[in-house]
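The values are calculated or read from the model by the stated rules, or taken from the named source; none is laboratory data. Treat the numbers as computed from the prediction; the structure is a model and nothing was measured. We place every Cβ from the backbone using ideal geometry, glycine too, and count neighbours over all the protein chains shown.
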Amino acid sequence: MRAGLAVGLLSALLVARVQAADFTTHDEWEVRARTPALLAVILAYDQTCDHGCRYRAPHVARTAILDHERRPDSFYVWTLVEDVERSAWFSHVSVVRRARTVQVDVRMVAPEKVRELEAASGERSDPAFDAALATYVLEETFADGRFVATRISFRNSVGASGLAGFLGGGLIRRRMDEAQDAVYANLRAAPSP
């Protein structure tokens, strides 16, 4: 009986090493603020952390916007999270403006870009997950030609393999829910017209 249990557990752990688990949260909100005010909140990485910053991001000890390849609608961010374990990674932030919407993608950079960003910033990357993408879509709504609200769609996805994905799924989901709640609180606090 014990041998069977041990073999089953070992098999599960070996499968977990190979298979990745994907976690996603999604929500939609309407707020009274206009798109420029909301973009100012979303892109304020240098003012975002868990304690003592203008905007709250749970468990985030520090963020830094890199000067490397920085443009107004495209830049890199380094994030340090201190939680169950310490984790740090680089993300690329891109803003795409269309006629009726603005989309912001915050994507963890591919491994081949990490060394370049570490050299440029002096920061190190040691993520607790394999991939991450947060997407905001902002669309202003109008009635009778007057601004009513901005509709926000927020989707956050994380991919984790190995034990992190296999055993940490509950923690990952709780942390993603916390982050989503903080994003909404930050956006609700944006100044409205």
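Values computed for the structure shown
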item	result
Residues located in segment 59-91, provided they are under 16 Å from Tyr136 (Cβ atoms) and crowded, with 18+ Cβ neighbours inside 10 Å	Phe75, Val77, Ser91
Residue among Arg107, Arg155, Arg151 that is over 18 Å from the mean Cα position of the chain (by Cα), in a strand (DSSP E or B) and surrounded by 15 or more Cβ atoms within 10 Å (Cβ to Cβ)	Arg151
Subset of segment 132-147 (residues that are over 17 Å from Val93 (Cβ atoms) and touching a residue at least 40 places away in the same chain (Cβ under 8 Å))	Glu140, Thr141, Phe147
Among residues of segment 21-40, those that are within 14 Å of the chain's Cα centre (by Cα), surrounded by 15 or more Cβ atoms within 10 Å (Cβ to Cβ) and either within 21 Å of Ser192 (Cα to Cα) or not β-branched (Val, Ile, Thr) (or both), counted	1
Filter result (free of Cβ contacts under 8 Å to residues at least 60 places away in the same chain, hydrophobic (A, V, I, L, M, F, W, C), over 28 Å from Arg100 (Cα atoms) and touching a Lys or Arg at 6+ places or on another chain (Cβ under 8 Å)) within segment 20-65	Cys49
Residue check, Ala134 within 18 Å of Arg173 (Cα to Cα) and not hydroxyl-bearing (Ser, Thr, Tyr)	yes
Candidates Ala131, Ala143, Ala119, filtered to the one that is at pLDDT 95 or above and either surrounded by 15 or more Cβ atoms within 10 Å (Cβ to Cβ) or under 30 Å from Arg34 (Cα atoms) (or both)	Ala143
Residue within segment 73-87 that is over 12 Å from the mean Cα position of the chain (by Cα), under 21 Å from Ile152 (Cα atoms) and assigned to a loop (DSSP other than H, G, I, E, B) present	yes
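Per-residue answers, yes or no, for (1) of a type outside the set (Val, Ile, Thr); (2) modelled with pLDDT under 95; (3) under 20 Å from Leu171 (Cβ atoms); (4) assigned to a helix (DSSP H, G or I):
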residue	(1), (2), (3), (4)
Ala6	yes, yes, no, yes
Ser11	yes, yes, no, yes
Ala16	yes, yes, yes, yes
Asp22	yes, yes, yes, no
His26	yes, no, yes, no
Ala33	yes, no, no, no
Leu39	yes, no, no, yes
Pro58	yes, no, yes, no
Asp67	yes, no, no, no
